[in-house]
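Values in this text are rule-based calculations from the coordinates and carry no lab data. On a predicted model such as this, the values are computed, not experimentally measured, just so you know. Here the Cβ positions follow ideal geometry from the backbone for every residue, glycine too, while neighbour counts run over all protein chains shown.
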Amino acid sequence: MLVLASDHGGFGLKETLKEYLESRNLQVEDMGTLDADQSVDYPDFAAQVAEKVGNNPGSEGILICGTGIGMSIAANKFPGIRAALVHDRFTARMAREHNNANILVMGGRVLETDAALEMVQTWLDSKFEGDRHQRRLDKIAQLEK
Ligand code: RB5
């Protein structure tokens with residue numbers, strides 16, 4: 001399951017990504033926001049997605065705000081969450097291969113739509129490399145304790 005949310009700054013990109021993900025026959029759950037007109041608080045949406053992903057092993061999330069910064073700060077407060085703010089295909093690939101990010105974060109006000117779609121595709125299609133990277137993720141998990 002892929003859980004998706006944005007604030008008003010990421011709403012347009014969220015809608016585009018949702019269409020793309022559904023066209024890939026992925027099971028998508030949209031947790032809002034529902035339009036770009038009302039100003040909302042990104043931590044509320046980061047919390048919903050981070051809780052869902054944290055409580056459902058194997059599920060993943062995508063969060064979008066204006067810059068992606070606020071969403072990534074908020075989501076990473078939750079246990080088991082590795083939320084990666086990515087800027088291009090390289091960081092999207094690394095977020096999977098090295099960091100095994102379970103939430104991809106992007107900035108709706110900083111990315112062109114085509115670039116964002118390529119980044120999501122890259123993240124979905126890349127594989128975690130494990131090995132020394134798993135050791136580092138284990139160390140991050142220790143930091144949560
Ligand atoms: C909302 O104006 C904006 O602050 C938010 O979308 C995000 O960029 C925060 O990091």
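Points worth noting:
- Out of Gln121, Gln134, one residue alone is farther than 20 Å from Ser23 by Cα and either among the polar types (S, T, N, Q) or surrounded by 15 or more Cβ atoms within 10 Å (Cβ to Cβ) (or both). It is Gln134.
- For beta carbons closer than 6 Å, sequence separation of 6+ or different chains, a first residue in the stretch 55-75 that is over 10 Å from Leu104 (Cβ atoms) and of a type in the set (Val, Ile, Thr) and a second that is within 11 Å of the ligand (Cβ to nearest atom) and part of a strand (DSSP E or B), the qualifying pairs are Thr67/Gly107.
- Hits in the stretch 14-39 - residues which are closer than 16 Å to Leu124 by Cβ, assigned to a loop (DSSP other than H, G, I, E, B) and among the charged types (D, E, K, R): Arg24
- Taking the stretch 111-127 as the range and being in contact with a helix residue (DSSP H, G or I) (Cβ under 6 Å, 6 or more places away or on another chain) and without any contact (Cβ under 8 Å) to a residue 60 or more places away in the chain as the test, the residues that pass are Glu118, Met119, Thr122, Trp123, Ser126.
- Residue match in the stretch 44-66 (condition: more than 24 Å from Ala141 (Cβ to Cβ), surrounded by fewer than 18 Cβ atoms within 10 Å (Cβ to Cβ) and among the small types (Gly, Ala, Ser)): yes
- Number of the exception - Asn25 against (1) crowded, with 22+ Cβ neighbours inside 10 Å; (2) without any contact (Cβ under 8 Å) to a residue 40 or more places away in the chain: (1)
- Positions within the stretch 88-110 being within 15 Å of the ligand (Cβ to nearest atom) and without any contact (Cβ under 8 Å) to a residue 24 or more places away in the chain, in sequence order: none
- Count of the stretch 10-37 residues which are farther than 17 Å from Leu117 by Cα and within 12 Å of the ligand (Cβ to nearest atom): 2
- Answer residue from the stretch 56-87, given it is away from the ligand (no atom under 16 Å from the Cβ) and outside any loop (DSSP other than H, G, I, E, B) and is nearest to Asp7 (Cα to Cα) among those: Gly61
- Here Ala47 fulfils each of the conditions (1) within 16 Å of the ligand (Cβ to nearest atom); (2) outside any strand (DSSP E or B); (3) among the small types (Gly, Ala, Ser); (4) under 21 Å from Thr16 (Cβ atoms) apart from (4).
- Across the stretch 28-43, the number of residues qualifying as surrounded by fewer than 17 Cβ atoms within 10 Å (Cβ to Cβ) and touching a Gly at 6+ places or on another chain (Cβ under 6 Å) comes to 0.
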